[in-house]
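Report on one structure; see the data block that follows.
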Amino acid sequence: MGSIELTVAILGLMMVLIFFGTIHQVQLGTWLAQKKYFSSWFIFYEFNGGGLLPVFPGGYTLGLLWLLNLVASHTARVLWEWRRVGLLLTHVGLFVLVLGQGLTQMMARESQMAIEVGQTASYSESYRDAELAVIDTSASTGDVVRAIPAALLKSQKRIQHPDLPFVIEVKQFFPNAVLGRGGKTLATLGVGVGINVVEAPRVTSDEFMDNVSAFVEIHGGEKSLGVWLVSMGIGAPQTFVFDGKTYRLEMRLERTYYPFTLHLKHFTHDRYPGTEIPKNFASLLHLKDVERGEDRDVLIYMNHPLRYRGLTFYQASFGKGDQLSVLQVVDNPIWLTPYVACVLVSLGLGWQFLGGLLRFRRKKT
C-alpha cells in the first residue's frame, strides 16, 4: 500500500473497466452497464447453469483500493510541515470527491415525477423497479396503500405484511413476461383467468422495461380467496373483498410518496427560431406543504432545479404535445460532497501557490 506502482496499476485497471463498460453499453444499455461495471464490487461471468465467477474488479473495488492507497501514501511519506498544508488539502479534497462519488452511487435514489398541466402529484416512480400494491379502497379518508417490492415476491413464497390481515402466496414469479390470450393459466379470479403467461428474457434497453408479472394466491386464515395474475401489462383493476373491506391488486412501478404536493400550472417548451432544436424547458408549479406551511409557486427550468426537503427536482423531459412535464427526482443525502471537495482543492492549490510565491519573493529580497 502507498506505492506509486500500485497507483499506476489501479489507474490502468480503471481505464480497462471504463473501456469495456462503455463498449458494452451498446448491448446492455446505459442503466445495466452502469450497474454491472461501475456500481458493483466485481464483474461476474455467468454460467449457463446459473453459477457466477468473479473475473474483474468492479468500480467500487477499484475506487476503494485507490482511496486506501492514497491514504497510505500520505500517512507514510508526507512530512507534516506548514508549507505542505496546501498539498495535503488538495489530496484531502480529491479523497472527499472520490469517496462522495462512491457513496452517491450506493446511496442516491433517482425516480421520475410525471405531471400533466392542471394535475397535482405527490409521488414519483422508479424507472424499472416494480412493486405489488395492495390498496384498501374502503377507508373514508382515502386509499390506504401497502406496497411489496417485486424483489420480495421473487425471493419469498409466502408474505405476511404486518398491516395486511391476509397472507400472500407467490405461486409463480416472472421478472419479464409476455401475456397472451387463451392457454393454461394459474389464475382463478380476475382478468388473468383467460390469459397465459410466458417468461421472456430481461429487457436491457434504456427505452423499454420488463413486464414484471406473478401469480399470487390470497389466504385469509386457512381459506384461499383465489389466485390472481398481477402484471405491469394489465391495466384493468382487480379487486377482492375480505372482512368487509375491498382491496385492489396492482403491479406497478415502485412509488415514493412525499408529504407535499406539486401542481403543474404551466409548461413551456421553447425552440430556436426556425428549428425543432430545444432551447429551454420550464415548469411553473405550485408547491403546497401543510406541515411546513409552504404555499408558493416555483419555476423549474434547465440547470435550475428545485431543492426541497433533501430532494432535488430537475426538468427532465416532456410529452403529450407539451402538456406533460417529467421531473427527475434525486434523493442524495451526500449531495454536498462535490462542493466540499472543490473548496478543499481550491484552498489547497491557493495555499500552495501563495506559499511558493512568498518563498520566491523572500529569496529575491
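Can you tell me the length gained on complete extension of the stretch M1 to V290, counting 0.36 nm per residue apart and subtracting the Cα distance? If you can, show how the numbers build up before the last one.
Numbers: separation 289, 0.36 × 289 = 104.04 nm, distance 5.40 nm.
Full extension from M1 to V290 adds 98.6 nm.
Which helices, counted as full DSSP H runs in the chain, have an axial Cα extent of no less than 18 Å and a Kyte-Doolittle average of 1.0 or above?
Numbers: long enough: 4-28 (36 Å, 1.80); 59-77 (27 Å, 0.75); 85-107 (32 Å, 1.60); 337-364 (40 Å, 0.49).
Helices meeting the span and hydropathy rule in the chain are 4-28, 85-107.
R0 = 30 Å: FRET efficiency of T120 with V241, Cβ-based, nearest 0.05?
Numbers: r = 30 Å, r/R0 = 1.00.
Efficiency, rounded to the nearest 0.05: 0.50.
Between N280 and R255, what length in nm is gained on full extension when 0.36 nm per residue of separation is reduced by their alpha carbon distance? Walk me through the numbers before you get to the answer.
Working: separation 25, 0.36 × 25 = 9.00 nm, distance 2.83 nm.
So the extension gain works out to 6.2 nm.
Before anything else, pin down the relative contact order of the chain: Cα pairs under 8 Å, at least 6 apart, normalised by residue count, whole percent. Intermediate results must be reported in sequence, preceding the final value.
On the way: 673 pairs, mean separation 67.8, N = 365.
Relative contact order of the chain: 19 percent.
If you take the square roots of the eigenvalues of the alpha-carbon gyration tensor of the stretch 55-102 and sort them as a ≥ b ≥ c, do you get rounded (a/c under 1.5), prolate (a/b over b/c) or oblate? Kindly include the intermediate steps, with their values, before the conclusion.
Values: a/c = 5.15, a/b = 2.04, b/c = 2.53.
Judged from the Cα gyration tensor, the stretch 55-102 comes out oblate (a/c at least 1.5, b/c at or above a/b).
At 7 Å along the Cα-to-beta-carbon direction for both Y60 and T104, put a label point, then send me their distance in nm to one decimal.
Result for the modelled spin labels: 1.8 nm.
Highest first, please rank the peptides 23-31, 130-138, 356-364 by the mean number of other Cβ atoms sitting within 10 Å of their residues. Before the final figure, lay out the partial values.
Working: 23-31: 13.8, 130-138: 19.6, 356-364: 9.2.
Per-residue Cβ counts within 10 Å, averaged per peptide and sorted highest first, yield 130-138, 23-31, 356-364.
How long is the gain from A76 to D143 if the chain were fully straight, where each residue apart is worth 0.36 nm and the alpha carbon distance is subtracted?
Details: separation 67, 0.36 × 67 = 24.12 nm, distance 6.11 nm.
18.0 nm is the gain from fully extending A76 to D143.
For the chain, what is the mean residue ellipticity at 222 nm derived from helices alone (per DSSP H run of n ≥ 4: -39500 (n - 2.57); sum divided by total residues; nearest 500 deg cm²/dmol)? Provide the component values of the computation, followed by the final result.
Working: 6 runs with 105 residues, N = 365.
For the chain, the value works out to -9500 deg cm²/dmol.
What is the spin-label model distance, in nm, from R84 to D297 if the labels are put 7 Å beyond Cα along the C-beta direction?
Going from the R84 label point to the D297 one covers 5.9 nm.
For R248 and K223, what is the calculated FRET efficiency with R₀ set at 22 Å and r taken between the beta-carbons, to the nearest 0.05? Don't jump to the answer; show the numbers that get you there.
On the way: r = 20 Å, r/R0 = 0.91.
That pair, R248 with K223, gives E of 0.65.
In nanometres, what is the gap between the two model label sites at L354 and T22, each 7 Å from Cα along Cα-to-Cβ?
Going by the 7 Å Cα→Cβ label model, 3.9 nm.
Which number gives the lysine pairs in the chain that have C-alpha atoms under 30 Å apart and are eight or more places apart or on different chains?
25
Once a ≥ b ≥ c are taken as the square roots of the eigenvalues of the Cα gyration tensor of the stretch 220-303, is the result rounded (a/c under 1.5), prolate (a/b larger than b/c) or oblate (a/b not larger than b/c)? Intermediate results must be reported in sequence, preceding the final value.
On the way: a/c = 4.74, a/b = 1.98, b/c = 2.39.
It is oblate, given that a/c is not under 1.5 and a/b is not larger than b/c.
Assuming a ≥ b ≥ c are the square roots of the Cα gyration tensor eigenvalues, decide whether the stretch 2-137 counts as rounded (a/c under 1.5), prolate (otherwise, with a/b larger than b/c) or oblate.
Values: a/c = 2.96, a/b = 1.57, b/c = 1.89.
Note, shape of the stretch 2-137 comes out oblate.
Label point 7 Å out from D322 along Cα-to-Cβ: which residues of the stretch 243-266 have amide N under 19 Å?
Residues passing the 19 Å test: 264-266.
For V340 and S39, what is the calculated FRET efficiency with R₀ set at 30 Å and r taken between the beta-carbons, to the nearest 0.05? Walk me through the intermediate numbers first.
Values: r = 22 Å, r/R0 = 0.74.
Using R0 = 30 Å, I get an efficiency of 0.85.
Taking K and R as +1 and D and E as -1, what net charge do the other residues with C-beta under 12 Å from the C-beta of Q160 add up to?
Values: positive: R146, K157, R158; negative: D163, E169.
For residues surrounding Q160, the net value is +1.
Could you work out Rg/(2.2 N^0.38 Å) for the chain, with Rg from alpha carbons only? Each step should come with its number before you reach the end.
Details: Rg = 26.7 Å, N = 365, 2.2 N^0.38 = 20.7 Å.
Computed over Cα atoms of the chain, the ratio equals 1.29.
Coordinate-derived values only; no laboratory data. If you're wondering where the values come from, they're calculated on a predicted model, not measured in any experiment. Methodologically, a virtual Cβ is constructed for each residue, glycine included, from the backbone with ideal geometry; neighbour enumeration extends over all protein chains shown.
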